[in-house]
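The values are calculated or read from the model by the stated rules, or taken from the named source; none is laboratory data. Predicted model, so just to flag it, every value in this text is computed and none were measured. Here the Cβ is made from the backbone with ideal geometry for all residues, glycine too, and neighbour counts use every protein chain on show.
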Amino acid sequence: MNTPSISEREEQEVLRAVGVLRSENLVLIPTETFYGIAADPCSEGAVGKLSGIKSRDLGAGIPLIVGSSAVATTLSDPGPPEILELRSLLERAFWPGPLTLVVSASGAKQIAAAVFGPNQTLAIRVSSHPIANRLAAASGGAITATSANPHGEPPPTTYADARAYFPEMEGIDALCGGATKPSTLVLVTELPFRILREGAITKAQLEAVVGREQVE
């Protein structure tokens, strides 16, 4: 897996953002899809703020960006070998990139309760955007990655658009990846894997990696 690199100026912006996150505050960040809102997923206070500004109940869970596949493995529960093997194929093919895997994570006790989806699952991806990737790595391995828009509004693709929604929030001004679709969301807790949302990565692309019979 190739780790995206950043400039010295971007590194300073990331370190500033790390300080904001450690204070249980939120940061607008560019990703390979849309602008997102980063929070410390281990902080109940920060996650509570995120739920409040999104103006909705986040009962379905909050997606995460992690700094590496190793972090994803740490957060995930052990599973049947056949599932782990196919999941690993997807990770190698599409990470870093806009593929979010929904994994069983009942053992991830450090993560705030509101981040979990149904049945103690977490939605995880390794971002191909160098700033999002570096911020996750520098913040203990994971950050939230929900899109930076109020519920019902279109997700922003520029810093200006994100600030228009949340003018008081700290942020990092940089280009997003230029995607016109969100990340693809795939439930990988059992076979066949189930596409919960088809986005930047298509069903055909997933099938090409794990086989048509393993994706629905």
Within region 97-132, of all residues that are polar (S, T, N, Q) and within 15 Å of Ala60 (Cα to Cα), the one surrounded by the most Cβ atoms within 10 Å (Cβ to Cβ) is Thr100
Taking the criterion of being in a helix (DSSP H, G or I), within 27 Å of Glu213 (Cα to Cα) and either within 17 Å of the chain's Cα centre (by Cα) or of a type in the set (D, E, K, R) (or both), would at least one residue in region 43-62 satisfy it? no
Here the residues within region 69-122 that are among the hydroxyl-bearing types (Ser, Thr, Tyr) and farther than 18 Å from Pro192 by Cα are Ser69, Thr73, Thr74, Ser76, Ser106
Residues of region 34-53 being modelled with pLDDT of 95 or more, under 18 Å from Tyr165 (Cβ atoms) and of a type in the set (S, T, N, Q), in sequence order, are none
Those residues of region 135-156 that are closer than 23 Å to Arg9 by Cβ and buried (at least 21 other Cβ atoms within 10 Å of the Cβ) come to a total of 7
- request: Taking Val71 as the residue in question, decide whether it is out of contact with any Leu (no Cβ under 7 Å at 6 or more places or on another chain), surrounded by 21 or more Cβ atoms within 10 Å (Cβ to Cβ), within 22 Å of Ile201 (Cβ to Cβ) and at pLDDT 95 or above.
  value: no
In region 74-94, anything out of contact with any Leu (no Cβ under 9 Å at 6 or more places or on another chain), at pLDDT 95 or above and either buried (at least 22 other Cβ atoms within 10 Å of the Cβ) or among the small types (Gly, Ala, Ser) (or both) is listed as Ser88
For region 80-95, the count of residues that are in contact (Cβ under 8 Å) with a residue 12 or more places away in the chain and either hydrophobic (A, V, I, L, M, F, W, C) or touching a helix residue (DSSP H, G or I) at 6+ places or on another chain (Cβ under 6 Å) (or both) equals 8
Yes or no: region 165-177 includes at least one residue that is in contact with a His (Cβ under 6 Å, 6 or more places away or on another chain) and of a type outside the set (S, T, N, Q).
yes
Among residues of region 1-31 being part of a loop (DSSP other than H, G, I, E, B) and at pLDDT below 95, the residue surrounded by the fewest Cβ atoms within 10 Å (Cβ to Cβ) is Asn2
